[in-house]
1. Once you've got the Cα coordinates, tell me which of Lys35/Lys55; Lys43/Lys201; Lys55/Lys83; Lys36/Lys66; Lys124/Lys201 are over 19 Å apart.
2. Roughly how many Å² is the accessible area per residue of segment 4-52, as a whole number, for a 1.4 Å probe?
3. Please give the net charge around Ser58, taking every other residue with its beta carbon less than 15 angstrom from that of Ser58, where Lys and Arg add +1 and Asp and Glu add -1.
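The values are calculated or read from the model by the stated rules, or taken from the named source; none is laboratory data. Small disclaimer: the values here were computed from a predicted structure and weren't measured. With ideal geometry, Cβ positions are generated from the backbone for all residues, glycine too; neighbour counts draw on all protein chains shown. Accessible surface is based on the protein model in full, side chains and every heavy atom, while ligands, DNA and RNA are left aside. Shrake-Rupley method; radii C 1.70, N 1.55, O 1.52, S 1.80 Å.
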Amino acid sequence: MKSELPFSLNIIVPCYNPQVGWESAISEKFLAFAKKMTDLTPKIGLIVVNDGSSKNVSDENFQTLKKNLPDVLVVSYPENRGKGYALRQGVEASTADFHLVTDADFPYTFESMRRVAETLFQEKGVVAGNRDTEYYEKVPVARKLLSQSLRWMLRNVIRLPVTDSQCGLKAFDNAGRKIFLATSIDRFLFDLEFLMLAGRKIKVTPCPVELREGVVFSSVGWKILTTEGLNFLKLLIFER
């Protein structure tokens, strides 16, 4: 008889002004993924972080979510702070042995998510999703150029073991959790900050992942790009 693995895994997702029907969509995807994980870990939970949303997050929405997933943990606060801040709040609330962060629309295939989790159970430390070349055929041109430019910098200037810092699918054990909570960037470059900090102290393992079909990409405004450009310079100067 196969012994029961004493693992517990929490999935943490940020949520900001989600689409109508988000609570049912999250429930459906989480339950489908949990079903695919029963042979790896009997304990899997979901933490949803409401990052100061101003629409589609009424009490009724959360009641529906709770009805679908009675054990879901919701972390909520009134002011939008950014994805990095939101995920820190969710990770801080997580008491599992292992933690997996992704986006609320579950943009990566269940096979990719399982592969990341299974690699984490085996290797420990941090496992970072690494998107394949097909990813760039599915994204807007501006996002493609930004992503490829950053990957070039990570490979040739910063020399991280993981060149795809901005993949939104990552997982880590409690040693990684401690480092994740030490990050300070509130928006998109928290991923890079996390990997730079983690790479000094614990094992960081890249893992190939694929997007599921039909993923819709959000736009990135110039205000955010300017802020993140300054954060990137800060990381280059002060964190190396």
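1. Numbers: Lys35/Lys55 31 Å; Lys43/Lys201 28 Å; Lys55/Lys83 17 Å; Lys36/Lys66 21 Å; Lys124/Lys201 13 Å.
Pairs exceeding 19 Å: Lys35/Lys55; Lys43/Lys201; Lys36/Lys66.
2. Values: 2130 Å² over 49 residues.
With the other protein chains kept in place, segment 4-52 gives 44 Å² per residue.
3. Values: positive: Lys55, Lys66, Lys67; negative: Glu23, Asp59, Glu60.
Result for the neighbourhood of Ser58: 0.
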